[in-house]
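Single-structure report; data block below.
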Amino acid sequence: MLERFLEVFSNSKVVAVCGAGLSTASGIPDYRGENGVWVKDPRALAGAHIKNYLADVEIRKNAWRDRLSSPYRGARPNIAHYALDVLVQQGLLDLIVTQNVDGLQRMAGTASKKIVEIHGNINSSLCLSCGHTEPMENTLIRVEEGEEDPRCLIEVDGSICGGVIKSTAISFGQKIDPELIRNVQYSLERCDLILVLGSSLTVNPVASIVVKWVRMGKELGIVNLQPTRYDHLAQYLFHEDVGEILCLLADTLVEF
Ligand code: OAD
Ligand code: ZN
């Protein structure tokens, strides 16, 4: 299967669809894998809903406290991100659609127009009242200095906004920018092969969009350490580490 996969990959328009498994080697745990954060602590899932975040100051305080010592802070891209970037640079990959909010694919150097961060990212913080954004580190410094639930300091109509602040990552219950979804649909419509890397394919819209295009005839490759619910739809299935498969692709197909 591997040889056939390499051949098809090099002769197809390919879109990569990435999930948390891409960043586990950077020290960021996934959500639903063997050591997933929601497998170990299902309560964390409640804080991931925007309604709870807005309504409950304790959930916000917890979120900010966790963020200070979070593995996201200071994380670096790993070999899988760099291999993906090489494949993009060589024209072997059309687009990287990532559900990850860690910003590591961009940090690996991938050009903005070749990547869609469909769930946003945690590199900035956003005021949910006035829409002001600023670098996440600025907000984290305020938390480090003792503000447990930092609020927006922007002056609006002569008074301080005071709105609740959150990262620019999408929470459950928040709307994804329709422009991002259009971008993804546009690329998937034009590709031949969808390569799902380190995602359990349980979260919409990505899961449903991928399945829609596969049912419409696109080929599907899946790389995941564990089985996923759509393994039966895949022509190319590797229960392997994403870094290994991506390095194999880059080593075999890229002329340095
Ligand atoms: P999941 O945690 O659901 O799935 C990650 C998958 O990666 C699991 O199936 C693991 O088996 C697999 N995996 C882990 N390490 C791997 C490795 N080194 N090589 C290969 N596979 C590996 O994460 P996602 O599918 O990305 O949303 O989850 C989708 C969304 O759910 C996330 O973007 C997040 C969450 O709600 C938001 O943050 C909005
Ligand atoms: Zn504000």
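Only one entry in Gly221, Gly217 is at positive phi and small (Gly, Ala, Ser), namely Gly217.
Ser200: among the hydroxyl-bearing types (Ser, Thr, Tyr), within 8 Å of ligand 1 (Cβ to nearest atom) and surrounded by 15 or more Cβ atoms within 10 Å (Cβ to Cβ), yes or no? I'd like the intermediate steps shown before the answer.
Numbers: among the hydroxyl-bearing types (Ser, Thr, Tyr): yes; within 8 Å of ligand 1 (Cβ to nearest atom): yes; surrounded by 15 or more Cβ atoms within 10 Å (Cβ to Cβ): yes.
Considered against the rule, which asks whether it is among the hydroxyl-bearing types (Ser, Thr, Tyr), within 8 Å of ligand 1 (Cβ to nearest atom) and surrounded by 15 or more Cβ atoms within 10 Å (Cβ to Cβ), Ser200 comes out as yes.
If you take the residues in region 85-96 that are in a loop (DSSP other than H, G, I, E, B) and hydrophobic (A, V, I, L, M, F, W, C), which one is surrounded by the most Cβ atoms within 10 Å (Cβ to Cβ)? Taking the candidates together, the pick is Leu93. From the list Ala16, Ala55, Ala20, the lone residue that is within 21 Å of Gly163 (Cα to Cα) and of a type in the set (Gly, Ala, Ser) is Ala55. Within region 221-234, the residues that satisfy the criterion of being free of Cβ contacts under 8 Å to residues at least 40 places away in the same chain and not in a strand (DSSP E or B) are Pro227, Thr228, Arg229, Tyr230, Asp231, His232, Leu233, Ala234. Residues in region 238-256 that are aromatic (Phe, Trp, Tyr) and assigned to a loop (DSSP other than H, G, I, E, B): Phe256 only.
Computed from the coordinates by the stated procedures, all read-outs in this text should not be read as laboratory data. Every value quoted in this text rests on a predicted model; they were computed, and no experiment measured them. Positions of Cβ are generated from backbone atoms using ideal geometry, with glycine treated the same way; all protein chains shown enter the neighbour counts.
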